[in-house]
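Values quoted throughout were computed directly from the atomic coordinates according to the rules given, and no laboratory measurement underlies them. Since we're looking at a predicted model, the values are computed, not measured. Glycine gets a Cβ as well: all are built from the backbone with ideal geometry, and neighbour counts include every protein chain shown.
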Amino acid sequence: MKCIIPGNNVRVFGKAIHCLSKIGEDLYIEPLENGLALRTVNTSRSAYACFMFAPTFFYHYDDGKCQNDTQQQEKENEDDGKFKCKITMKSCLSVFKSLPTIEKTVEKCKIKLNFTDARLVFTLLCKHGITKTYNLTFQETESLQAVFAKDLCPNKIVAQSKLLCDAVGNFQTSQEEVTLIVSPEKVCLKNYVDDEPDPNKVMHTEMSLLPEEFDDYTIGLDTEVTFCLKELRAILTFADACYQHVSIFFETIGKPIVFALDGESVFEASFVLATLAEPGSTQNTTQVQPAPTARRTVSKTESQKKTTVASKKTPAHESRSCDGWNDRHNGFNNTSNQPDRPSAFSERNSPRQNLKMAGDAGPSRMPDIVARIPDGREDDDCSNASSESFTFQGKIGIQTSGNKPECFNVQIGEGDTSTVDIHIPSGDEDEFDFIPSTPPTKKFKSMFFGSSQSQTNSSQNETMVKPTTVLAEDTDEDDSD
Amino acid sequence: MRFRGRLVDVACIQHFTRVVSTISKLAKNYVLRITPDKLYFILNDSVTSGGISIWCEMIQANFFDEYNMDGVSAEFNEIYLDIIGENIMRALKSAQSAKSVKVKLTKKHTPCLTFDVQLPSLSVSSRNVVHDVPVNVIARRLWEDYQEPPMPEFDISIYMPPLRLLRNVIDRMKNLSSYVILSGNGNGEMNLSVETDMVSVTTHFRDLSNPTWNKDGELEESQYEISQDGQSQNFVSARIDIKKFSNFLIGQQMNPSKVICNIVHNKVIHFFLIQDDLSLQYFIPVISL
C-alpha cells in the first residue's frame, strides 16, 4: 500500500485525523479499491466514524493489491489478503500535530507500508527539502465496520455546518447529550438533562429552528433522538473547517443517527452515533443485580452516559433482519441470505458477515474484533456472566428475535440504581407485541456483531427479562433456565 | 410575583452582559434583586467563606426597553432571586448577536429566569433559543440579609490608578505571595506590597487624588483638594488575599469612569466602581498575619 497526498489535501487529511482522534483511540486504516478508509470507534462503542478518501484525493494511490501474494500466505485465515491495520490515534496524531505548520510547510505526504519492518511510514515532504518520517507500529486487524442504512432513514436534514455550529454553540461545553426533536414544522435542539443531579437545578436550553434554514429537510417521522454532543462537536469542527454541508439521517429513538459529509467526491465521511433509548412509555425498567457499583465507575470514566451502544449501531439493518430470524441460530448463519440493505458500505458484505459469525466461529477464526478491541472481548464476557456487564460501560444493546419479532434495546443506566431500560424501538411498532410471561429468545446485538452473539442468546435473555420492573435480584440466573 | 423585561439594543445587551460577567467572576452565586426602577446584584458572603460582599446596582431603564414587574406584594414591591452566575452567563453568551432578549420570571419545572433569545437567521424568521435558568426565590423574611452594606468608616479614600496597570502588577506579585498589602495615604499615594521570607516587593503609585465625601457619605465632585487632616502623610494599610484582588482586577469588564478605594485600617478594603449610573461596591476583608 502506498499513497501520496498532495500538499493542499494534507490539511483536510490532517483535520480528518484530528476529528477522528476526538472520537476514538485507535485508527483503523484500510486501503480499498475505491479509496483509503480511515475509521474509528469510541471506547464505549457508541460512536463510529469513517472517512473514505477516494483515489482522486491522492497524487498516487495504490491499495496494495499487488502485494497480496506474499501476504496472503501469511494470513491464511483472512478472507482476502488485503492489508488492514490499526494504529493508535496518539501516534498518528503526532504526525499531524500542528495543522497550521503542516499547512504552511508540507508539500506532500506519503503513506507507505513497510512490510519488512512492519511499520506504517508517514513521510512529510516539506519545504526546503526537509523530510519528516514517522515509522508507526501497527496491528493487523479485521475491518471495523458499522452496519447502518442511512438511505432507509425516513428523516433527512441537510444543513450548513455553520448553522449547526451556531446551534451547538448555545450549549455549554460540559453538556454531554442533546436531544433533537423534529417535526415537519420545526426543529428543536434541547439539552438532555439526566435524572441526576437534580434536573430542577440544571439549566434547560432549547433552540428552535425553522425548516427554511436547512438545505434539505425531509421528515417522514416526527421523532426525537438524543445523542452525544462530544462527537457531534468533533464532526462539526471538521465540517466547519472544510465548509461542508452536513447531512443528518435518523430514524427514531434508540436508532442510530448518521452524519454524512460529502467532500466533492474526493472524500466522504460518515459518523454513526448511538441515540439514547429514552425511558418512556415504550420502555420498561428492570434491574440487573450484579453490576451496579463497578459499572457506575466505569461509565463515569467514560464520560458518556447511557447511550445505548450496540443496538444503535446496526439497528436499521438488524431490526429488520430479525424478522427473518425466528430461529436464532439460523439467524446467524443466514446473515448472508438476508436482503442486503443499502448501507454506506453495502457492497462490502464480507466483513459484516465475519463479524456476525465471530461468536460462532470462536477465537481461532475471528480473533480480531473480539480479541483486539477491548470492548469486544468484554461483550463476550458479559454475555456469559452478566456480572461482567459493567465492563460494557453501562451500555448494552440487546435485540430479540422470537416468534414475534420484537426488538429491545437494553440499556444500563448510570444512576444509583442500576436500571436496565428496555426499549422497544418504535420503528417496528406495528409488529411489536409483548407477552410478559414468555420472554422471547434474544440475541445480543453489538454494533460489530461481535463474538457475543451466539452465547448471548441464552444468557442475555436473562437481562432482558420481562417488561415489568424486577427489583434487583438475580434476574439473570433465575430466568436463564 | 411577575417580572418581564426586554433588551433590544445590541449595546444594551452587551453592556448588561459585561456587568453580569463581572459579577459572575467575583461570585459563584449571588442574589438578583428586582425593584421597579433598579436591578441589584448582591453578594453577602459569610465570614467563613471569605467574607466578601458585593453590591451592584443599575438603573433598569438604561438597559431594558420593556420592563414590567410586580413584587411579592404591593407593600414590598420587590423580588429577590438566588441565581448561579455561570448559568446566566451561558444564557447571555448565546445572546451576543441577538436581535432581542426577553428576560422573564417563569414557573417551569421550578422557578426559572427564562432568557428568550431571538437570533438572526438565514431565513426571514429568527432563530429562537430559550434558556431556563433555575433560580431560588428568596422569602420575604430573609430579605434583610441582603441590604446594602453601610459605607465603612474608612481611614483613607483614594482614587485608584488604572485597573489594567494594577492588574499587571498584581499578576506578577501573585507568583510571590498569596497576600498583598494595599496601603494609601491622604496625599495621593498608594503602595502595593508583597512580603516573603526571601523578598519584599513594593510598587508605589503617586499623584493619585483623594475624593472628598460629604457627611451623608455622598461623593463630592470637587475631587482635587487633598484631605484636610494633618495625618494625610500617614499610610493606612490592609492585607488582603491576592487572589481575590486579582480576580477582581481580571474579571471586571465595566470600564468604570472612577474607581475609589476606601481602606479601613486592618479591617476591610472597599472598592467603589462608578460608571454613569451604574455602581459596583466590592468589599474584601483583611486577613491579618
Explain nothing, just the number: dipole magnitude of the stretch B:1-151 about its Cα centre with +1 on each Lys and Arg Cβ and -1 on each Asp and Glu Cβ, in debye rounded to the nearest 20.
620
Kindly write out, for the stretch B:186-192 in residue order, the coupling ³J(HN,Hα) from the Karplus curve 6.51 cos²θ - 1.76 cosθ + 1.60 (θ = phi - 60°), rounded to whole Hz, with x marking Gly and Pro.
x, 10, x, 10, 9, 10, 10
Taking H placed 1.01 Å from N in the peptide plane, check which residues at least 5 places from B:ILE287 or on another chain put their amide H under 5 Å from its amide H.
B:ARG239, B:ILE240, B:ASP241
Residues meeting the amide H criterion for A:GLU107 (H placed from the backbone, H to H distance under 5 Å, 5 or more places apart or on another chain) are A:LEU125, A:CYS126, A:LYS127
For a quick check: with amide H placed at 1.01 Å from N, whose amide H comes under 5 Å from A:THR223's, ignoring anything fewer than 5 positions away on the same chain?
A:VAL182
Charges at C-beta only: +1 for Lys and Arg, -1 for Asp and Glu. How large is the resulting dipole of chain B about its Cα centre, in Debye rounded to 20?
1440
The stretch B:102-216 - convex hull of the alpha-carbon atoms, volume per residue in Å³
280
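Restricting to Cα atoms and excluding each atom paired with itself, what does the Kirkwood estimate give for the stretch A:2-140 in Å?
Working: mean 1/r = 0.0649 Å⁻¹.
Over the stretch A:2-140, the inverse of the mean reciprocal pair distance is 15.4 Å.
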Largest-first principal axis extents of the Cα set of chain B (Å):
63, 44, 38
Over the stretch A:2-140, what is the mean sequence separation of C-alpha contacts under 8 Å (at least six apart), divided by residue count, expressed as relative contact order in percent?
27
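A 30 angstrom limit on the alpha carbon distance is what I want to check against. Which of B:LYS99/B:LYS243; A:LYS255/B:LYS25; A:LYS186/A:LYS230; A:LYS90/B:LYS93; A:LYS22/A:LYS104 exceed it? If you can, show how the numbers build up before the last one.
On the way: B:LYS99/B:LYS243 37 Å; A:LYS255/B:LYS25 42 Å; A:LYS186/A:LYS230 24 Å; A:LYS90/B:LYS93 33 Å; A:LYS22/A:LYS104 23 Å.
Long pairs (Cα-Cα over 30 Å): B:LYS99/B:LYS243; A:LYS255/B:LYS25; A:LYS90/B:LYS93.
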Determine ³J(HN,Hα), in whole Hz, for all residues of the stretch A:213-225 in sequence, where each value follows from phi through the Karplus function 6.51 cos²θ - 1.76 cosθ + 1.60 and θ = phi - 60°; x replaces Gly and Pro.
6, 9, 6, 9, 8, 10, 10, x, 8, 5, 7, 9, 10
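Determine, for each peptide in A:230-241, A:41-52, A:174-185, the mean count of other beta carbons within 10 angstrom over its residues, then list the peptides with the highest first.
On the way: A:230-241: 21.6, A:41-52: 25.9, A:174-185: 16.9.
Top to bottom by mean Cβ count within 10 Å: A:41-52, A:230-241, A:174-185.
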Placing +1 on the Cβ of each Lys and Arg and -1 on the Cβ of each Asp and Glu in the stretch A:2-140, which of A:CYS85, A:PRO31, A:VAL121 has its Cα farthest towards the positive end of the resulting dipole?
A:VAL121
Calc'd 3J(HN,Hα), the stretch A:51-56, phi into Karplus 6.51 cos²θ - 1.76 cosθ + 1.60 (θ = phi - 60°), Hz, glycine/Pro = x, comes to 10, 10, 9, 5, x, 5
